[in-house]
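Undergrad: Right, I'll just put the structure down here and ask away after.
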Amino acid sequence: MSRYIVIRILQAFLALIGITVLVFILVRASGDPTHLIITPTSTPEEIANLKKQLGLDKSYPEQFVVFITGLARGEFGDSIIKRKPAAEMIKEALPNTIKLGLPAFFIAMALALALGVLAAAKRDSIYDAGVKLVAVLGQALPGFWVAIMAMLLFSVRLRLLPVAGYGTLKHYVLPVGTMVFFLLPGMMRLVRSSMLDVLDAEYIKLARIKGLSETKIIWKHALRNALIGPLTTAGMIFASLITGAVITEIIFNWPGMGRLLVEAVAARDFPVVQAITMLVAAMVLGMNIIVDIAYAFVDPQIRYQKS
Amino acid sequence: MIKKQTKKVLEVEGLRTSFFTRKGEVKAVDGISFFVREGETLGLVGESGCGKTVTGLSLLRLLPEPAGRILGGKIYLDGINLLALSKKEMRAVRGKMISMILQDPMTSLNPVYTVGEQIAEPVRQHQGLRGENAREAVIAALRLLHIPSPELRLRDYPFQLSGGMRQRVVGAIAMSCNPRLLIADEPTTALDATIQAQYLALFKEVQKKTNVAIIFITHDFGVVARMCHRVAVMYAGKIVETAPTEVIFKQPRHPYTKALINSVPRLDRKVERLYSIEGQPPSLMNLPPGCRFCPRCPEAKEICREQEPAEKQVGPEHSVFCWQVS
Amino acid sequence: MTAHDVKFTVDRFASEESTNPWSQYLRNNLNYTEVVDDYTFRYHTNTPEPTLLVPFAWTRILPKKYFEEVGQEEFRKRPVGSGPWKFVEHVPETSFKLEANTEHWFQVPEFQYVVDLQVPEEMTRISMLRTGEVDIALGISTDRLVELRDKEGFRTVQIGDPIIWSISFPGTWVTNKPTGDIRVRQAMSLAINRQEICDTFYQGLAKPGGRWYMHPGSYGWDPSWQADPYDPERAKQLLEEAGYPHAFADQTIKYYVTEGPGVDQAQLLQGYWAAVGIDVQLEIVDSVQWGGMFFVRNTEPDAPNVGNIFPWSFSSTPNSVYHSANMYTSTGVHSTGNDQKADALYVRATTERDFEKARQYWTEFREYVETLYYNVGIVMIEPNVLISDKLGEFTTFKHLFLYDALAGIKKP
């Protein structure tokens, strides 16, 4: 098992290098950030000067060497637009993202699990119909619209919650709620269909024959087998949360990573884009490994194969 | 091989089970009666789809919900009508009083729990044993089914065991609480021939030790000959003939039984080709008014088409449902 | 604050190390600086440049002693200036908190604190105004602004100078597209019903006129300067004279715009042009691509900017002289100017030391470049913000910057 993990980490590291090179090239191929910094009065010499100061006059390989040597020292470079270290900007935005993303993730996953299992266990009942409705709504309604409607209803009309900002627990309700609303349906459907598959299995029949209670059958025998599919998705959702809450962050004015990335890409702020993509890539790759390890915990067969 | 007349463990009277589908009612089991004695093995024989497995699941009240429903009849286990029990009381019967072994050992064990855990569950549930006591009971069950080094095996996961071993584990689960009745639903069809023979021998031994009553569901008369004391032949949701095993082979009375026995390949008889029954069993959604076998029956007369045959006693513990038997 | 602080600030701002794009104005013509006495600072230029007054007005004075004591990093965290507000707190990408400077020489704010929230979504800003979480909402689109004003009783106040929307024609002298013919450009201007845009699209919150850095609040502005009238007949006549479209080898005219309100504006113009028979294609591009075309001088005949149209909406700014050079003279980055007379008029206007003469020369320069149709002004949009009942009158500095305007708010 540990040998397997070491191999997976090495693979992930290679993938990270590949992604870094790719992002480095792509972001540069997509436009020149100096075009956003210059003013209506800038002269061609000043533009050239600016490029030189930012190191953008050098060839790609030369820029890459600068970038890599910086990385080796643990530096991602300074933001072209904000003129401060990209790492510092991430350090400011990341806690906000985590504060929003972690509760949203865990609430959504817990709800998805509970409701998905309930819908599967009580198939074709009123609960199942309710769960299906929530799933359809969640996937059909545009996120932007839902967030704004929630804001208009709960904040403007009912005056129950603040519109935006942060500080108190109340400030979390709307943004976290909106994110849960986005994250829940897909996961819930996945849990439901996975559970339905498992509940048809012979070993579930045998568990019933043994005289076990439905609770034990569902939460012990069925769920653990039904988790394998949803686990991968949960891992990917978790990794994507780093930059995935753009809409929520914009509407509820939450200065997180999603907004930072969108703004950095729009401005071709290379160091910031590179730093965030590397972080996201590392997160995705890391989550993959964690999911694999989690698999091994859930499914002993995988555990034995890999050792 | 007639068993000495011991106490009847199970008595079923007029059991009717249907499935309600979108297309209509499927009468899977349509008024059957039979019994099993202590230490006795009753073979429930018939083609696939005749209602054997549904009968087994009905006894456990484990029909797939909400489609499957028991519509009528009585199931007495040691004199208690199981159909009158609450859901909770019924759960206490399952695994403790009645056990069942499913067909495919590859799929009937939960892949993510150890063998020991899966055997321990009914022990904990029904006997209230914990810790070391539960472990002892698990090891005893594994020993009963002749599983070598049970102390080690109980830590194994199903995928680490061979098919034959797994089916023994399923047997150990079934026997772990020392049940009164064991329903074995074609437990050997998924095993290869030598393993099959071992498994059957093992079962006989287990029965001798525990005096458990067994309902052996099969379509294989070879297995019946080796395992069963008595046989009930099912056709299209009905029992058409019941008899002690020796009698059924020597003097089958129902035309369907005869056809089935003739279709069994035998070492002592050389035949040009195996006998096969013409036609298909009737749809359980749209049954003919008279005898259900009549469309395929070589001996059918007018009355067979019009009226359902009544039970006729033709010998000791030998009854048959056929107009042409006198 | 003394002349030493001023010298420190100007030297720092004009230094070669400064990456601020505005530094060039203080740097380009600088010979040396000196402190004459505590309240006299002198800036010596190489050649006469009266318009330098404008960049000076733009330069915020830093406290020399404090800055040198704590260094740049610490100063950024705890800045000190000389305005009506004192810095309290800055949360990146989120908010600024300022406290009234009770010792300000001219304007002590009535409100103790101002918190500036950076809220990217318009609907969120409106909601916050409705719930009372904010008292001023900026950047609200015309439709919403009018709705909230008329139906929900919020008041509007103008802060700063109008937003000027104009369009530019790069490379007119090298292109073989229709925009290379001045008659076509003039026709395009005459085809636009500016009053209608102001009355309907901007619901009365805009006025016709203004052009590239020649607008209310700009150097030498005169309210009598007017935009072209709406004259579609004359426009059609001019097009006929120019032989549009068959006289042109390449007939396509592209209007490059970035995603956002500019697209609506573009569609308005497209409609007016279509009405007189001019076909213009909208090209919606990313802002970096857009900047690459409009902010880089490229006058190759087949360059993507040449012969096409680039709109620009900007808040008016007093520092308009240097921007004008970029649009109307041949040294500009927008690839629009290419006329020796315009160049000469610009130099004359910006080097004249007699104020009255300089103003006259500037007017002559403006009148001349207007006839070149490098840039056509569309409308001037009122810089309205929405305010709640908790704020009273805006008394002073309304035409300066936001924080200056905020310093003059009375309590209701």
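No lab work stands behind these numbers, since they all come straight from the coordinates. Since we're looking at a predicted model, the values are computed, not measured. So basically every Cβ, Gly included, is an ideal-geometry build from the backbone, and we count neighbours across all protein chains shown.
Undergrad: At R0 = 45 Å, how high is the FRET efficiency between B:GLU47 and B:ARG155 if r is their beta carbon distance? Nearest 0.05 is fine.
TA: With a Förster radius of 45 Å, E is 0.60.
Undergrad: Within chain B, what is the longest stretch that has no GluC sites (Glu not before Pro) placed in a DSSP loop and near at most 11 other beta-carbon atoms within 10 Å?
TA: Answer - B:1-271.
Undergrad: Also: Starting from the stretch C:48-99, pick out the trypsin sites (Lys or Arg not before Pro) whose DSSP state is loop and whose Cβ has at most 15 other Cβ atoms within 10 Å.
TA: Filter output for the stretch C:48-99: C:ARG60.
Undergrad: Another question about this same structure. Take peptide A:211-218, look around each residue's Cβ out to 10 angstrom, count Cβ atoms belonging to other protein chains, and average those counts.
TA: Partner-chain Cβ atoms within 10 Å, mean over residues of A:211-218: 4.
Undergrad: Check the straight Cα-Cα distances from A:LYS132 and name the lysines below 21 Å, setting aside those fewer than 8 residues away within the same chain.
TA: Output for A:LYS132: A:LYS122.
Undergrad: If you don't mind, there's one more thing I want to ask. Give the value in nm², to one decimal: projected area of the alpha carbon convex hull of the protein assembly as shown, averaged over all directions.
TA: That works out to 61.3 nm², a quarter of the Cα hull's surface.
Undergrad: Mark the label point 7 Å from the Cα of B:GLN5 along Cα→Cβ and return the residues of the stretch B:299-326 whose backbone N is within less than 20 Å of it.
TA: Hits in the stretch B:299-326 for B:GLN5 at 20 Å: B:312-320.
Undergrad: I want the local charge near B:TYR157. Using Cβ-Cβ distances under 13 Å, sum +1 for each Lys or Arg and -1 for each Asp or Glu among the other residues.
TA: Working: positive: A:ARG224, A:ARG303, B:ARG153, B:ARG155, B:ARG166; negative: A:ASP299, B:GLU117, B:ASP156.
With Lys, Arg at +1 and Asp, Glu at -1, the net is +2.
Undergrad: Can I ask one more? Return the distance in nm (one decimal) between the two label points of a simple spin-label model at B:GLN198 and A:ILE289, each offset 7 Å from Cα along Cα→Cβ.
TA: Using points 7 Å along Cα→Cβ, the separation is 4.4 nm.
Undergrad: What is the distance in Å between the Cα centroid of the stretch C:200-279 and that of the stretch A:102-120?
TA: So the two Cα centres are separated by 56 Å.
Undergrad: Any idea how far apart B:THR21 and C:ASP11 come out in nm if each label point goes 7 Å out from Cα toward Cβ?
TA: Result: 9.6 nm between the two label points.
Undergrad: Label point 7 Å out from A:ILE107 along Cα-to-Cβ: which residues of the stretch A:228-262 have amide N under 15 Å?
TA: Answer for the stretch A:228-262: A:248-249, A:252.
Undergrad: Whole angstrom only: what separates the Cα centroid of the stretch A:230-295 from the Cα centroid of the stretch C:100-126?
TA: 34
Undergrad: Now for a different question. Can you give the three extents of the C-alpha atoms in the stretch A:90-305 along their principal axes, from longest to shortest, in whole Å?
TA: 61, 47, 28
Undergrad: Now for a separate question. Can you give the log10 of the normalised intensity I(q)/I(0) at q = 0.15, 0.16 Å⁻¹, computed with Debye over equal Cα scatterers of the stretch C:163-381?
TA: The calculated log intensity ratios at q = 0.15, 0.16 Å⁻¹ are -0.97, -1.12.
Undergrad: Name the lysines eligible as straight-distance cross-link partners of B:LYS238: C-alpha to C-alpha under 20 Å, and not fewer than 8 places from it in the same chain.
TA: Correct list for B:LYS238: B:LYS27, B:LYS52, B:LYS74, B:LYS258, B:LYS301, B:LYS312.
Undergrad: Also, I was wondering about something else. Taking the number of other C-beta atoms within 10 Å as the exposure measure, put A:TRP145, C:TRP22, A:TRP219 in order starting with the fewest.
TA: A:TRP145, A:TRP219, C:TRP22
Undergrad: For chain B, max minus min Cα coordinate along each principal axis, in Å, sorted largest first?
TA: Sorted from largest, the Cα extents of chain B read 67, 49, 40 Å.
Undergrad: Right, next: Extending each Cα 7 Å along its Cβ direction at C:TYR113 and C:GLN158, get the distance between those two points in nm, one decimal.
TA: For the pair C:TYR113/C:GLN158, the computed spacing is 3.3 nm.
Undergrad: Okay, moving on. Ranked by Cβ crowding within 10 angstrom, fewest neighbours first, how are A:HIS221, B:HIS146 ordered?
TA: Fewest to most other Cβ atoms nearby, the residues stand as B:HIS146, A:HIS221.
Undergrad: For A:GLY31, enumerate residues with amide H under 5 Å from its amide H, sequence gap 5+ or separate chain, H modeled in the peptide plane.
TA: The list, which skips near neighbours in sequence, is empty: none.
Undergrad: Here is a further query. How large is log10 I(q)/I(0) at q = 0.10 Å⁻¹ when the Debye formula is applied to the Cα atoms of chain C, each weighted equally and without solvent?
TA: The Cα Debye sum returns log10 ratios of -0.82.
Undergrad: Between the DSSP loop rule and a limit of at most 14 other Cβ atoms within 10 Å, which GluC sites (Glu not before Pro) in the stretch C:1-98 are left?
TA: Answer by residue number: C:GLU16, C:GLU17.
Undergrad: Would you mind getting me the FRET efficiency between A:ARG303 and B:GLU246? Use the beta-carbon distance for r and R0 = 56 Å, nearest 0.05.
TA: The formula returns an efficiency of 0.60 here.
Undergrad: Take chain B, connect every pair of alpha-carbon atoms lying under 10 Å apart with a spring to form a Gaussian network, then pick out the residue of B:ALA67, B:ALA259, B:ALA134 with the largest mean-square fluctuation.
TA: B:ALA67
Undergrad: Work out from phi, with θ = phi - 60° and the Karplus expression 6.51 cos²θ - 1.76 cosθ + 1.60, the ³J(HN,Hα) of each residue of the stretch A:172-179, listed in order in whole Hz, and give x for Gly and Pro.
TA: Couplings: 7, 4, 5, x, 5, x, 4, 5 Hz.
Undergrad: Additional query: Give the percent of DSSP beta bridges with both residues in the protein assembly as shown that are antiparallel, rounded to the nearest 5.
TA: Numbers: 73 of 99 bridges.
Taking every DSSP beta bridge with both residues in the protein assembly as shown, the antiparallel ones total about 75 percent.
Undergrad: Provide A:PHE154, A:PHE297 in ascending order of the number of other Cβ atoms located within 10 Å of each residue's Cβ, fewest first. Display every interim value, and only then the final one.
TA: Numbers: A:PHE154 17, A:PHE297 13.
Ascending number of Cβ neighbours within 10 Å: A:PHE297, A:PHE154.
Undergrad: Sticking with this structure for a sec: Loop only by DSSP, 16 or fewer other Cβ within 10 Å of the Cβ. Give me the GluC sites (Glu not before Pro) in the stretch C:318-407 that pass, ordered by residue number.
TA: C:GLU393
Undergrad: Based on the Cβ-Cβ distance from A:MET1 to B:VAL264, what FRET efficiency comes out when R0 is 45 Å, to the nearest 0.05?
TA: So the FRET efficiency works out to roughly 0.30.
Undergrad: Given the options C:ALA266, C:ALA100, C:ALA274, which has the most mean-square fluctuation in a GNM of chain C, springs set between C-alpha atoms less than 10 angstrom apart?
TA: Comparing C:ALA266, C:ALA100, C:ALA274 in a Gaussian network model of chain C, the most mobile one is C:ALA274.
Undergrad: Note down the net charge around C:GLU233, summing +1 for each Lys or Arg and -1 for each Asp or Glu among other residues with Cβ under 15 Å from its Cβ.
TA: Net local charge, C:GLU233 excluded: -1.
Undergrad: Based on C-alpha coordinates, I'd like the Rg and Dmax of the stretch C:3-72, in Å.
TA: For the stretch C:3-72, the Cα-based Rg and Dmax read 12.0, 37 Å.
Undergrad: Across the Cα atoms of the stretch A:1-118, what radius of gyration and what greatest pairwise Cα-Cα distance (Dmax) are found, in Å?
TA: 20.7, 68
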